[in-house]
Amino acid sequence: REAVRQAMNDADASVRHAAIKVVSLWRDAKAFDRLVRNLEKGDDAQAAVAAEALGRLGNSQAIPALLRIAERLPELEVPDKTADLVFTTAARYLEHSLTFALIGLGDAAQTSQGLLSKHAGVNRVALMALDQMENGGLKPETIALLLGSPKPILRQTAIWIATRHANWGGALAGHFQEQLNRTPSGEEGPALEKQLALFSRDAAIQELLAFKIHSA
């Protein structure tokens, strides 16, 4: 095991990668500090395998480092006319690994600190982990605020999470009421229709739509 730990410092990236995989397989707790260094100093691919290993170790002290590394992630899901940030394959792999490491560690209190970050990539990873974590405690009010976020990736994340919780319609009714009152334009209209359709069985949403139709 010590030989493998030493190999995590090798000058060859492929050797480091293989050593991290072995550490992950054996859940070698004594490799924790070296894993954190590889997470922080490696490229996206190396950071991803280090994140996976840290998630398997079960040591929640890794969470602050995992959230910091999420700052590497692009803040936009797709490029637009004013931005060129896109998810590369390596960045997508890193995002996936960070998310599942946080889920595996299962510390909702520490993971929720990622919601306070000013970086959308950190927010997104924390949101997805909390949503899929047992007792993650993610509240519909948090998602309601993000449905109107000026950052596309946070809107997309909020919509994805909302679709997983059909029973949140009542809690999100206030957000939808606000959106309907301001008469969405352009692509916002069809997007809002799709969101409302997801919660159309909820009594609060039905009442909201009935009132909107009656007052039109």
Taking region 132-155 as the region of interest, how many residues are within 18 Å of PHE199 (Cα to Cα) and open to solvent by less than 40 Å² (accessible area, probe 1.4 Å)?
-> 5
Out of all the residues in region 169-184, is one or more closer than 23 Å to ALA126 by Cβ and open to solvent by 60 Å² or more (accessible area, probe 1.4 Å)?
-> no
Identify all residues within region 22-36 that are part of a helix (DSSP H, G or I) and basic (Lys, Arg); write none if there are none.
-> LYS30, ARG34
Scan region 113-130 and give yes if some residue there is of a type in the set (Val, Ile, Thr), open to solvent by 40 Å² or more (accessible area, probe 1.4 Å) and under 15 Å from the mean Cα position of the chain (by Cα), otherwise no.
-> no
Criterion violated by LEU76 - all others in (1) modelled with pLDDT of 95 or more; (2) within 14 Å of the chain's Cα centre (by Cα); (3) of a type in the set (A, V, I, L, M) satisfied = (1)
Provide a single number: the residues in region 5-31 that are of a type outside the set (A, V, I, L, M) and surrounded by fewer than 17 Cβ atoms within 10 Å (Cβ to Cβ).
-> 9
Which pairs do you get when a residue that is under 17 Å from LYS118 (Cβ atoms), found in region 55-70, comes within reach of a residue that is open to solvent by 50 Å² or more (accessible area, probe 1.4 Å) and in a helix (DSSP H, G or I), reach meaning Cβ atoms under 9 angstrom, with the pair 6+ apart or on two chains?
-> PRO64/GLN110; PRO64/GLN113; LEU67/GLN110; LEU67/GLN113; ARG68/GLU40; ILE69/GLU40
For SER149, indicate whether it is closer than 29 Å to ASP44 by Cα and in a helix (DSSP H, G or I).
-> no
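The values are calculated or read from the model by the stated rules, or taken from the named source; none is laboratory data. Just so you know, these numbers come straight off a predicted model, no measurement behind them. All Cβ positions, glycine included, derive from the backbone under ideal geometry; neighbour counts span all protein chains shown. The protein model used for the area step is the full one, side chains on, heavy atoms only, and it has no ligands, DNA or RNA in it. Shrake-Rupley method; radii C 1.70, N 1.55, O 1.52, S 1.80 Å.
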